[in-house]
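Engineer: First the structure, which I've put down as structure tokens, then a few questions once you've had a look.
The values are calculated or read from the model by the stated rules, or taken from the named source; none is laboratory data. On a predicted model such as this, the values are computed, not experimentally measured, just so you know. So basically every Cβ, Gly included, is an ideal-geometry build from the backbone, and we count neighbours across all protein chains shown. Accessible surface areas use protein heavy atoms only, side chains included; no ligands, DNA or RNA. Shrake-Rupley method; radii C 1.70, N 1.55, O 1.52, S 1.80 Å.
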Amino acid sequence: MSGYYLIVYGCQMNKADAGRIASVFEFNKIKQAENLKEARYVIIIACSVRQSAVNRIYGQVKNLLPLKKMGAKLILTGCLLKKDAVKLNKFFDLIIKIDDIKDLAKKLKIVGKKTITKNYLDLKPKIGKSTTVYVPISSGCNNFCSYCVVPYTRGQEYSRSAKFIIKEIKGLIKHGVKNIILIGQNVNSYKDKKTDFNSLLKKINGIKDDFFLHFITNHPKDTSFELLKTMKTCKKIGHYLHLPVQSGSNRILKLMNRHYTISEYKQIIKRARLLMPDINISTDIIVGFPTETEQDFKLTAALMKEARFDMVYIAEYSPRGQTIAYAKFKDNVSPKIKAQRRIILTEILKKTALKNNSKLIGKNLDVLLEKQNKDYFYGRTKNFKKIRIKINDERPCRLNKITKIKITKAAPWALEGKPI
Ligand code: SAH
Ligand code: SF4
Ligand code: F3S
């Protein structure tokens, strides 16, 4: 048994954390194990956003216990609520807070060299072969949306130093990375001394070389006109805005503690489209929040039709311990109705997404080619739409290169095109 093996659940934040955990091991000369069974260290990076995500950890533990008997060390980190940490404690050799990952080697007594960073996000991440890299700029959250665990699992929001972020990105670009995605729970509330999110974007845009710049996730209450103008003027920023709305009903938004109204939300997307007609707008919606009536749901469906989103991540409400919604409201929308509402919204999305994508047929767009199999290249347009390109020997394309592509076909979730 040797090496480490990572099991990553949850969002891009956890994926970025995985790169940092890997680098702690490799810094100490411990390599990635070929497979789970050969690993000396098995690390689960947990997500607690929905109960189903937590259930996956409990499911995984059953597979891991035989390995533990054979000598593997089981480690749990990531986003975890206290009550789950207490319940899971007996199965793991170490439960460690994500912010303490910089001390992981010391805790496991594998210290070769000392890693000196104040903030774990400043650890130099291990990067794979991918041409797209997620760069965390902040972590934690102070918004306390009533349904959400993140402020409890990741704690208070903090922003990384702009200097370190720029240094990391310059290194990545030098390494050949062509798509930088800034991540945080609420990227647009970023603030490091005098550098706010707008000035950070401008600084990154000023880095020489050819690359795409994206960022997720934005909170509508912090999405200023200034930010939209920065998106328009900075040439490297792809016109993609992920702006979670959560519900189309002002009454529900209030109970969710979201701090904006639907008319304010619509105003943002109207302005974004006026400034950037090619903008790709996606959102998150929760169906079946406590007390959500048929009327509230109809407002969400109406908003979806009006907003014509390109993508919507639709979640059924899941009550989460420690949150305000869990303490105050009964989860009174039945699983059947939640599922019905999710299906209705998915049908609306299919139509609007297909209509939006169909308008792109015939256009020539910048595309970054990220992967290939024997038949197709797969990539993203500059405004972050998924696309595939049939491999054609007469017009060869290169992976990891920004290429002009003519759009030939459209489906709700993807485009097809050919090199021009
Ligand atoms: N910080 C981001 C995303 C946080 S979690 C933001 O504010 O947008 C990602 C998504 O999971 C949320 O946008 C929400 O739609 C969903 N989510 C969070 N808590 C949930 C819960 N208790 N039940 C169902 N969906 C939830
Ligand atoms: Fe959760 Fe709201 Fe913070 Fe997003 S903004 S992480 S939904 S509390
Ligand atoms: Fe992400 Fe899940 Fe944590 S969505 S921030 S990994 S709770």
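Engineer: Would you confirm whether any residue within segment 287-300 is within 30 Å of residue 238 (Cβ to Cβ) and either touching a Cys at 6+ places or on another chain (Cβ under 6 Å) or modelled with pLDDT of 95 or more (or both)? Give the steps one after another, and end with the answer.
Structural biologist: To start, the set of residues in segment 287-300 that are within 30 Å of residue 238 (Cβ to Cβ) comprises 287, 300.
If we keep only those that are either touching a Cys at 6+ places or on another chain (Cβ under 6 Å) or modelled with pLDDT of 95 or more (or both) as well, we get 287, 300.
Within segment 287-300, one or more residues are within 30 Å of residue 238 (Cβ to Cβ) and either touching a Cys at 6+ places or on another chain (Cβ under 6 Å) or modelled with pLDDT of 95 or more (or both).
Engineer: Follow-up. Across segment 222-233, what is the total count of residues that are touching a helix residue (DSSP H, G or I) at 6+ places or on another chain (Cβ under 8 Å), in a helix (DSSP H, G or I) and either over 24 Å from residue 278 (Cα atoms) or open to solvent by 10 Å² or more (accessible area, probe 1.4 Å) (or both)?
Structural biologist: 5
Engineer: Still on this model: Could you please find all residues in segment 157-174 being away from ligand 2 (no atom under 11 Å from the Cβ) and open to solvent by 30 Å² or more (accessible area, probe 1.4 Å)? Let's see the steps before the verdict.
Structural biologist: Step one: of segment 157-174, the residues away from ligand 2 (no atom under 11 Å from the Cβ) are 158-174.
Those that are away from ligand 2 (no atom under 11 Å from the Cβ) and open to solvent by 30 Å² or more (accessible area, probe 1.4 Å): 158, 159, 161, 163, 164, 167, 170, 171, 174.
Engineer: Also, I was wondering about something else. With the structure loaded, tell me whether residue 35 is within 26 Å of the chain's Cα centre (by Cα) and more than 16 Å from ligand 2 (Cβ to nearest atom) or whether it fails that test. Let's see the steps before the verdict.
Structural biologist: Working: within 26 Å of the chain's Cα centre (by Cα): yes; more than 16 Å from ligand 2 (Cβ to nearest atom): yes.
Against the criterion (within 26 Å of the chain's Cα centre (by Cα) and more than 16 Å from ligand 2 (Cβ to nearest atom)), residue 35 qualifies.
Engineer: Any residue at all in segment 268-283 that is open to solvent by less than 40 Å² (accessible area, probe 1.4 Å), within 16 Å of ligand 2 (Cβ to nearest atom) and free of Cβ contacts under 8 Å to residues at least 24 places away in the same chain? Steps first, please.
Structural biologist: Within segment 268-283, the subset open to solvent by less than 40 Å² (accessible area, probe 1.4 Å) is 268-269, 272, 275-276, 279-283.
Going one step further and asking which of them are within 16 Å of ligand 2 (Cβ to nearest atom), we end up with 268, 282-283.
If we keep only those that are free of Cβ contacts under 8 Å to residues at least 24 places away in the same chain too, we end up with none.
So far as segment 268-283 goes, no, none of its residues is open to solvent by less than 40 Å² (accessible area, probe 1.4 Å), within 16 Å of ligand 2 (Cβ to nearest atom) and free of Cβ contacts under 8 Å to residues at least 24 places away in the same chain.
Engineer: Quick one: in segment 209-231, of everything that is more than 20 Å from residue 179 (Cα to Cα) and polar (S, T, N, Q), which residue is nearest to ligand 3 (Cβ to nearest atom)?
Structural biologist: Looking at residues that are more than 20 Å from residue 179 (Cα to Cα) and polar (S, T, N, Q), I get 223.
Engineer: Can you tell me how many residues in segment 388-399 are over 13 Å from residue 420 (Cβ atoms) and open to solvent by less than 60 Å² (accessible area, probe 1.4 Å)?
Structural biologist: Residues meeting the conditions: 1.
Engineer: Condition first: among the β-branched types (Val, Ile, Thr) and either touching a helix residue (DSSP H, G or I) at 6+ places or on another chain (Cβ under 9 Å) or assigned to a loop (DSSP other than H, G, I, E, B) (or both). Now tell me which residues in segment 120-147 satisfy that.
Structural biologist: Initially, segment 120-147 is screened for residues among the β-branched types (Val, Ile, Thr), giving 127, 131-133, 135, 137.
Residues satisfying the conditions are 127, 131, 133, 135, 137.
Engineer: For segment 298-327, give me each residue that is open to solvent by 30 Å² or more (accessible area, probe 1.4 Å) and basic (Lys, Arg). Please lay out each step first, then the result.
Structural biologist: First pass over segment 298-327, keeping only residues open to solvent by 30 Å² or more (accessible area, probe 1.4 Å): 298-299, 302, 305-306, 308, 311, 313-314, 316, 319, 322, 324, 326-327.
Answer for segment 298-327, where residues must be open to solvent by 30 Å² or more (accessible area, probe 1.4 Å) and basic (Lys, Arg): 298, 305, 308.
Engineer: Still on this model: Checking the structure you have, find out if any residue of segment 124-143 is at pLDDT 95 or above, open to solvent by 50 Å² or more (accessible area, probe 1.4 Å) and within 16 Å of ligand 3 (Cβ to nearest atom).
Structural biologist: Yes: segment 124-143 contains one or more residues that are at pLDDT 95 or above, open to solvent by 50 Å² or more (accessible area, probe 1.4 Å) and within 16 Å of ligand 3 (Cβ to nearest atom).
Engineer: Counting only residues that are touching a Lys or Arg at 6+ places or on another chain (Cβ under 9 Å) and without any contact (Cβ under 8 Å) to a residue 60 or more places away in the chain, which one in segment 62-73 is farthest from residue 6 (Cα to Cα)? Don't jump to the end; show me each part of the working.
Structural biologist: Applying the first criterion (touching a Lys or Arg at 6+ places or on another chain (Cβ under 9 Å)) to segment 62-73 yields 67, 70-73.
Going one step further and asking which of them are without any contact (Cβ under 8 Å) to a residue 60 or more places away in the chain, we end up with 67, 73.
Working: 67: 14, 73: 12 Å.
Per the criteria, the residue is 67.
Engineer: Of the residues 355, 350, 418, 330, only one is in contact (Cβ under 8 Å) with a residue 60 or more places away in the chain and either open to solvent by 50 Å² or more (accessible area, probe 1.4 Å) or in a strand (DSSP E or B) (or both); which? Spell out how you get there, then give the answer.
Structural biologist: Values: 355 fails: in contact (Cβ under 8 Å) with a residue 60 or more places away in the chain; 418 fails: in contact (Cβ under 8 Å) with a residue 60 or more places away in the chain; 330 fails: in contact (Cβ under 8 Å) with a residue 60 or more places away in the chain.
Result: 350 is the single residue among 355, 350, 418, 330 that is in contact (Cβ under 8 Å) with a residue 60 or more places away in the chain and either open to solvent by 50 Å² or more (accessible area, probe 1.4 Å) or in a strand (DSSP E or B) (or both).
Engineer: Hey, residue 382 hits all of (1) open to solvent by 80 Å² or more (accessible area, probe 1.4 Å); (2) at pLDDT 95 or above but one; which does it fall short on?
Structural biologist: (1)
Engineer: It is to be established whether one or more residues within segment 58-68 are charged (D, E, K, R), closer than 30 Å to residue 138 by Cβ, in contact with a strand residue (DSSP E or B) (Cβ under 9 Å, 6 or more places away or on another chain) and away from ligand 2 (no atom under 16 Å from the Cβ).
Structural biologist: Step one: list which residues in segment 58-68 are charged (D, E, K, R), which gives 62, 68.
After this cut, where a residue has to be closer than 30 Å to residue 138 by Cβ as well, the list is none.
Checked segment 58-68: no residue is charged (D, E, K, R), closer than 30 Å to residue 138 by Cβ, in contact with a strand residue (DSSP E or B) (Cβ under 9 Å, 6 or more places away or on another chain) and away from ligand 2 (no atom under 16 Å from the Cβ).
Engineer: Any idea which of (1) open to solvent by 10 Å² or more (accessible area, probe 1.4 Å); (2) assigned to a loop (DSSP other than H, G, I, E, B) is the one residue 177 doesn't satisfy?
Structural biologist: (1)
Engineer: Does residue 195 satisfy the condition of being open to solvent by 20 Å² or more (accessible area, probe 1.4 Å) and without any contact (Cβ under 8 Å) to a residue 40 or more places away in the chain?
Structural biologist: In short, no.
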